[in-house]
């Protein structure tokens, strides 16, 4: 224990830790372990798990592709409306997910602003797997942008300016200096993005519905199982938690440097 931390602070920290740990212990004690293999190998559970992993991975890749340029523009440029743009990017963090689903429906639904024109071309997004990916991307992208923007603010522009003063082009500076400097923030942002996409529920069920094998992700499967088969819901919740823990552990694992 650090000598600089008051005992009361340590006690409150332990209380906070218990607040997180106790529910997971309760989940583990509520599982009928002998029934676990049967509960987890049902076709609906396997379909939901595979769909969640596939769509969350796709959403994360999209968030990386969109989030890096957006974070760079917000962090390194000044333009009219930048504050408003930053506020809009953060809106999905604070609105209820079901509201995010309604917003997406109004934009990409069959009668939506963009969806109406796409539907006329024979392209329907709502209630498809694409809708799941869009919903997950919409609620997850702010995590990527916020993480990268904070990292850019703390790292500054010194190395990029030095590289450009030595004759490096902006594009080469971006790939050889900026991206390597962003790597820690990019990893953290990707982890948060994937975890948020994996657990997305409200926007998905509102915009994409719940069709087995097409739009019914793991959170939706858990919600439906909670009404009809509580034991299955608990088992599926454990799987979702384990996947999230593994992803976070792999992303944040740093091998200790060996003494030479």
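Please verify whether residue 149 is in the same structural domain as residue 50 (by TED's automatic domain parsing), surrounded by 14 or more Cβ atoms within 10 Å (Cβ to Cβ) and farther than 30 Å from residue 112 by Cα, treating the condition exactly as stated. Yes, satisfied.
In this structure, residue 210 qualifies as over 16 Å from the mean Cα position of the chain (by Cα), surrounded by fewer than 18 Cβ atoms within 10 Å (Cβ to Cβ) and in the same structural domain as residue 53 (by TED's automatic domain parsing). Yes or no: residue 79 assigned by TED's automatic domain parsing to the domain that holds residue 223, within 16 Å of the chain's Cα centre (by Cα) and farther than 27 Å from residue 223 by Cα? It is false that residue 79 is assigned by TED's automatic domain parsing to the domain that holds residue 223, within 16 Å of the chain's Cα centre (by Cα) and farther than 27 Å from residue 223 by Cα.
Residue-wise test of (1) modelled with pLDDT under 85; (2) not in a loop (DSSP other than H, G, I, E, B).
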position	(1), (2)
184	yes, yes
193	no, yes
216	no, no
224	no, yes
237	no, yes
251	yes, yes
255	yes, no
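A single member of 134, 166, 113 is over 30 Å from residue 53 (Cβ atoms), assigned by TED's automatic domain parsing to the domain that holds residue 202 and at pLDDT 90 or above, and it is 113.
Based on what the data block shows, is residue 6 farther than 27 Å from residue 189 by Cβ and surrounded by fewer than 12 Cβ atoms within 10 Å (Cβ to Cβ)? Here the answer is yes, as residue 6 does meet what is asked. Being under 14 Å from residue 208 (Cβ atoms) and surrounded by 13 or more Cβ atoms within 10 Å (Cβ to Cβ) is a property that does not hold for residue 99.
This table checks each residue for (1) free of Cβ contacts under 8 Å to residues at least 12 places away in the same chain; (2) over 22 Å from the mean Cα position of the chain (by Cα); (3) surrounded by fewer than 20 Cβ atoms within 10 Å (Cβ to Cβ).
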{"position": "140", "(1), (2), (3)": "no, no, no"}
{"position": "153", "(1), (2), (3)": "no, no, yes"}
{"position": "166", "(1), (2), (3)": "yes, yes, yes"}
{"position": "198", "(1), (2), (3)": "no, no, no"}
{"position": "206", "(1), (2), (3)": "no, no, no"}
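The criterion of at least 2 residues that are closer than 30 Å to residue 229 by Cα and free of Cβ contacts under 8 Å to residues at least 12 places away in the same chain is met by the following helices (runs of 4 or more DSSP H) wholly inside region 3-113: 7-29, 36-40, 43-76. Considering region 11-27, and only residues there that are under 25 Å from the mean Cα position of the chain (by Cα) and within 13 Å of residue 237 (Cβ to Cβ), the residue that is surrounded by the fewest Cβ atoms within 10 Å (Cβ to Cβ) turns out to be 23. Flag: residue 49 matches the condition of being under 28 Å from residue 139 (Cα atoms), at pLDDT below 90 and touching a helix residue (DSSP H, G or I) at 6+ places or on another chain (Cβ under 6 Å).
The values are calculated or read from the model by the stated rules, or taken from the named source; none is laboratory data. Model, not experiment: these values are computed from the prediction. Positions of Cβ are generated from backbone atoms using ideal geometry, with glycine treated the same way; all protein chains shown enter the neighbour counts.
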